[in-house]
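Accompanying notes for the structure given below.
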Amino acid sequence: MKHLSVLLLIALQSVFVFSQNELTHVVYFETDKYEVPPTEESRLLLFISKLNDIDVKSIAIFGFCDDIGAPSYNLKLSQQRANAIKAIFSSNEISEQLISHVDGKGEILLKIVEEKNASKIRGLNRKVEIIVNPDPPIIPEKKAPEILEPKVEKKAATELIKDSNLKVGDKIVFDNILFKTGYSTVIPESKKTLEDIAKALVERDDIYFTIQGHVCCTQFSRDAIDRKTKQRNLSVARAKYVYDYFAKKGVNTKRMRYLGMRRKFPLGGDPKFDRRVEIVITYVGETK
């Protein structure tokens, strides 16, 4: 750890570095280790949180080692370091489809420096470099107006809840209830819609339902990590968030339960739509 503290002073001077159109970040490791040190993980999570504000085209992850050790050992260790960083990205709902490279590059030769600086230079070589390529904004071209066929509008969740033909087994996806990446709280734009759904459920007191929470972009169908609690139960936390909100708005808790579905049922397309909650109808009584 004594070398890592020195490295942090250097690294923290520039957590985010823009090089032309690329956003880069470096994670440093201890000697012979591929586990991400807690301080470095905190810096990495801060970096990942900044990606929520940009459209990402691709992410490349490259692992490196110092020049101590056999080349074959260093190659393996550098790959393990790259894999460790990929796992953190995946656990924090960054789609694997965006990750174009996860490569261990082996050792970096020690540059000719004064002997007293050799350990510091080797420390800087025990690293993973992350390169994020943002997707540039699309500037729309001026085109002649097109004649489009009328589209069939999809019913809103509130309309589906009020539908008299609703039956057991029906699933209502809350399309406009979107969550912050890595968190169980909805984005501000979704709060009004969630309130309208709660009101519809209070009025429609003849239905019972299960609230199902989902996540995107995790590995091996595991749940994602809730960045607030550090627990790997984000899909459950999202369902519980909606459950608590409905209860606060007057929905009888006997009518509902919540369940985390992890990443078992991706919708495809934009990952943000997999950060979702939906309800499944479990009972429909006689309307009053």
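If I model a spin label at THR31 and VAL56 as a point 7 Å from the Cα along the Cα→Cβ vector, what separation in nanometres do I get?
My value for the distance between the label points is 3.3 nm.
What relative contact order, as a whole-number percentage, does the range 154-269 give when Cα pairs under 8 Å and 6 or more residues apart are counted?
With pairs under 8 Å counted, the relative contact order is 27 percent.
What's the FRET efficiency of GLU286 with LYS230 using the Cβ-Cβ distance as r and R₀ = 41 Å, to the nearest 0.05?
The pair GLU286/LYS230 has a calculated efficiency of 0.35.
Can you work out the Karplus-derived ³J(HN,Hα) for every residue in the range 55-68? Use 6.51 cos²θ - 1.76 cosθ + 1.60 with θ = phi - 60°, whole Hz, and x for glycine or proline.
8, 9, 8, 7, 10, 10, 10, 10, x, 9, 10, 7, 8, 8
Quick check: residue separation of GLU96 and GLU159 times 0.36 nm, minus the Cα distance between them. What number comes out in nm?
19.2 nm
Multiplying the sequence separation of ILE131 and LEU46 by 0.36 nm and subtracting their Cα-Cα distance, what value in nm do you get?
Stretched out fully, the ILE131 to LEU46 stretch lengthens by 29.1 nm.
Each reported figure results from applying straightforward, stated rules to the coordinates on display, with no laboratory input. Bear in mind the structure is a predicted one, so any value in this text is a computation, not a measurement. Positions of Cβ are generated from backbone atoms using ideal geometry, with glycine treated the same way; all protein chains shown enter the neighbour counts.
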